[in-house]
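I have placed the structure first, in the form of C-alpha cells, so that the comments after it can refer back to it.
The values are calculated or read from the model by the stated rules, or taken from the named source; none is laboratory data. These figures come from a predicted structure and were not determined experimentally. Positions of Cβ are backbone-derived with ideal geometry, glycine not excepted, and every protein chain shown enters the neighbour counts.
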Amino acid sequence: MVKSFCKIIFISLISTAFWGCASTGKITEPDIPRQQALAQIEQGNERSPNTMRIHARVDYVDEINNKRVVGQDLILSSQKPSHMRITISAFDKAIATLVSDGERFSLIDVGQNVFVTGTATPENISKILPVYLSAADLYRVIFGGFPVDGLAENYLENQTFTWDNVQGGYDRALPMQGGLTEHVYYSWPSGDIFRITVTSGEEIVYRYDASEFKNFEQDGVTYRYPSEILFNLPKQKTDVRLRIDKRDIDVEFSPAVFKLVAPNGVRVIEMD
C-alpha cells in the first residue's frame, strides 16, 4: 500500500515537471528583459491578504517514522505576521491541533494524550505535518511565497535570475546557509511559484511543487494560489500532499484561535 501511494506521488511529480514543455522539450524565454520580469514578479508577490483559512485533505508517507496518512481533513488558519493554527481530523474528530506565533508552538495530540510546547523549529512543527519547514516558512509558502529562514544573510545581493527552458519558467537561485541553494521557479506571465528546490551541488534535498492555480477576488484585489501542493523530502523519505478544497481570504479571527491551553489530565512535554 505504501509503495502504491509513493508511486502515485512520483507520477504526480513527473507530470508536474513537464506541464508546459513543447514537443522539442524546451520552452523559449519570454521577450522581456530579465530584470523587468523579476521586478514585475516581485511586485505581484507583494500582494497577500492579512488572514487566510484553508480546508484541505492531507496524504503523506513518512518512512523513517513508519507513518502513513491518507485523506485526513486539515484546517489551517493563518494571520500575519506568522500566526497559525493547524487542526487535523479523521472521521470528523480532531486528532491533533497545533498553534504557533512563528517562534513558539503548542500541540495537543489526542491519540497520545499529550500537550507539547516549545520552540517552533521545523522538527517540532513537523510533529503535526511532516514538511520540515519552520512555522514562519510554512506560513510564507501557504501565502504563495518561498522559505527564507535558511537563506544566507546577503541572499538578495548574490541571487541569480535566469530562464530555465526545460522547466518552462524563471529560476531564481538564492544562496542558503551551509552552501545550499534554493531555486524558486516562477511561471510567466502569472508569476506563480510552481516549484521550489533546495540543492546541495546537483543533489535535491527538498522539493515543493504546486499546481492547479486559481484566482481569488477580495475587495478588488486578485490573489492566485494553488489547489494542490506536494512536498518531497528525499533524506527524510517523506512525501506530503495537500489537496486544498477551499480558501477563505481576510477572515476575522478571534485571538483565541491562536492560543492553546493544556487540557486537564494530559501529559505535558517541554521541547526547549
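Listed values, structure above:
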item: Any hit, the range 173-184, residues being within 28 Å of Ile75 (Cβ to Cβ) and in contact with a helix residue (DSSP H, G or I) (Cβ under 9 Å, 6 or more places away or on another chain); result: no
item: So Gly145, is it touching a residue at least 24 places away in the same chain (Cβ under 8 Å), assigned to a loop (DSSP other than H, G, I, E, B) and either among the hydrophobic types (A, V, I, L, M, F, W, C) or closer than 21 Å to Ile75 by Cα (or both); result: yes
item: Pairs with Cβ under 8 Å, 6+ apart, first in the range 230-245 and more than 12 Å from Tyr132 (Cβ to Cβ), second acidic (Asp, Glu) and crowded, with 21+ Cβ neighbours inside 10 Å; result: Leu230/Asp209; Leu230/Asp239
item: Residue in the range 190-201 that is more than 17 Å from Ile41 (Cα to Cα) and either among the small types (Gly, Ala, Ser) or assigned to a loop (DSSP other than H, G, I, E, B) (or both) present; result: yes
item: Extreme residue, farthest from Asp171 (Cα to Cα), among residues of the range 47-86 that are exposed (fewer than 15 other Cβ atoms within 10 Å of the Cβ) and within 17 Å of the chain's Cα centre (by Cα); result: His55
item: Conditions (1) at pLDDT 95 or above; (2) touching a Gly at 6+ places or on another chain (Cβ under 9 Å): number failed by Phe161; result: (2)
item: Selected residue (criterion: farthest from the chain's Cα centre (by Cα)) from residues of the range 189-202 that are modelled with pLDDT of 95 or more and surrounded by fewer than 19 Cβ atoms within 10 Å (Cβ to Cβ); result: Ser200
